[in-house]
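Colleague: Questions regarding the structure given below will be posed in turn.
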């Protein structure tokens, strides 16, 4: 029997008094990869931010449960500590904060929140270098300020490194393929696939089917006008690549 990891039920949310999510329901079980596709303005990024607890995104109805626990009143740090991770479409730069320092602080803060011992400098450095190597992240990059001067592909690889080190059980990827060429996309996808496992779940938000050639989903959902209007397997993504969203949007307004 599948164990629910993330359960979203009849979720409504607004941004600056504008309703964006309008009754969205979705369940991601352990071991599953779900993809969310949809037209611009459908609410895809809003969904990712609401799951992560980003400020300014107000939940007006419904619930979000993680491993059976209601999380809608938790702050982002609390959600991260229990195993949620959001990879941004546009990772931010943090001048003056070294990548390795940032990662060690984040990892140890989460370990403290879970009642675990902190990693010492040597143990952390060894684990970080091992995780960075398959992502083509050099020691020089690890010494630089977080994402400062990084290319789009380097920023996304750095996020996968963060995800690897933090070892979340639920990963939300908000258009992680944005701005990547094929080579960078393969490296990022390989890093994500290496994290897949029977106790982890992924929610992959994307405009384009090409990412799903590399991160193959178990389920594909179409998000339109703030709710999921169609679900299927990988073949649905291929269908959308050919037909687009026009028919779906016209069906909503008919």
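Colleague: So how many residues does the range 49-67 have that are under 14 Å from the mean Cα position of the chain (by Cα), within 11 Å of residue 15 (Cβ to Cβ) and surrounded by 18 or more Cβ atoms within 10 Å (Cβ to Cβ)? So that I can check it myself, show each step before the final result.
Modeller: To start, the set of residues in the range 49-67 that are under 14 Å from the mean Cα position of the chain (by Cα) comprises 49-54.
Filter once more, keeping what is within 11 Å of residue 15 (Cβ to Cβ): 49-50, 54.
So of that shortlist, the ones also surrounded by 18 or more Cβ atoms within 10 Å (Cβ to Cβ) come out as 49-50.
Residues flagged as under 14 Å from the mean Cα position of the chain (by Cα), within 11 Å of residue 15 (Cβ to Cβ) and surrounded by 18 or more Cβ atoms within 10 Å (Cβ to Cβ) within the range 49-67 amount to 2.
Colleague: Only one of 27, 101 is farther than 27 Å from residue 207 by Cβ, surrounded by fewer than 20 Cβ atoms within 10 Å (Cβ to Cβ) and either in contact with a strand residue (DSSP E or B) (Cβ under 6 Å, 6 or more places away or on another chain) or without any contact (Cβ under 8 Å) to a residue 12 or more places away in the chain (or both); which?
Modeller: On inspection, the qualifying residue turns out to be 101.
Colleague: Between residues in the range 192-219 that are at positive phi and surrounded by fewer than 21 Cβ atoms within 10 Å (Cβ to Cβ) and residues that are modelled with pLDDT of 95 or more and not in a loop (DSSP other than H, G, I, E, B), which pairs lie under 7 Å by C-beta distance while being six or more apart or on different chains?
Modeller: Final answer for the pair search is none.
Colleague: Of all residues being touching a residue at least 12 places away in the same chain (Cβ under 8 Å) and surrounded by 13 or more Cβ atoms within 10 Å (Cβ to Cβ) in the range 110-122, which is nearest to residue 172 (Cα to Cα)? Just the residue, please.
Modeller: 110
Colleague: Could you identify the single residue in 163, 141 that is touching a residue at least 40 places away in the same chain (Cβ under 8 Å), closer than 18 Å to residue 102 by Cβ and under 15 Å from the mean Cα position of the chain (by Cα)?
Modeller: 163
Colleague: What single numbered condition from (1) over 30 Å from residue 119 (Cβ atoms); (2) not in a strand (DSSP E or B) fails to hold for residue 164?
Modeller: The one condition residue 164 does not meet is (1).
Colleague: Taking the options 199, 181, 174, name whichever one is in contact with a strand residue (DSSP E or B) (Cβ under 9 Å, 6 or more places away or on another chain) and either modelled with pLDDT under 90 or farther than 25 Å from residue 119 by Cα (or both).
Modeller: One residue alone meets the criteria, 174.
Colleague: Still on this structure: Does residue 35 fit the bill of being in contact with a helix residue (DSSP H, G or I) (Cβ under 7 Å, 6 or more places away or on another chain), touching a residue at least 12 places away in the same chain (Cβ under 8 Å), in a strand (DSSP E or B) and more than 21 Å from residue 176 (Cα to Cα)?
Modeller: Numbers: in contact with a helix residue (DSSP H, G or I) (Cβ under 7 Å, 6 or more places away or on another chain): yes; touching a residue at least 12 places away in the same chain (Cβ under 8 Å): yes; in a strand (DSSP E or B): yes; more than 21 Å from residue 176 (Cα to Cα): no.
In short, no.
Colleague: So which residues in the range 213-242 are under 17 Å from the mean Cα position of the chain (by Cα) and either over 29 Å from residue 62 (Cα atoms) or assigned to a loop (DSSP other than H, G, I, E, B) (or both), if there are any at all?
Modeller: Listed by number, the residues that qualify are 214, 215, 216, 217, 218.
Colleague: Does residue 87 satisfy being at pLDDT 95 or above, under 18 Å from residue 156 (Cβ atoms) and touching a helix residue (DSSP H, G or I) at 6+ places or on another chain (Cβ under 8 Å)?
Modeller: no
Colleague: Would you mention how many residues in the range 204-220 are closer than 21 Å to residue 30 by Cβ and in contact with a helix residue (DSSP H, G or I) (Cβ under 8 Å, 6 or more places away or on another chain)?
Modeller: The total comes to 7.
The values are calculated or read from the model by the stated rules, or taken from the named source; none is laboratory data. Keep in mind that what you see is a predicted model, and the values were worked out from it rather than measured. Cβ atoms come from the backbone with ideal geometry, glycine included; neighbour counts cover every protein chain shown.
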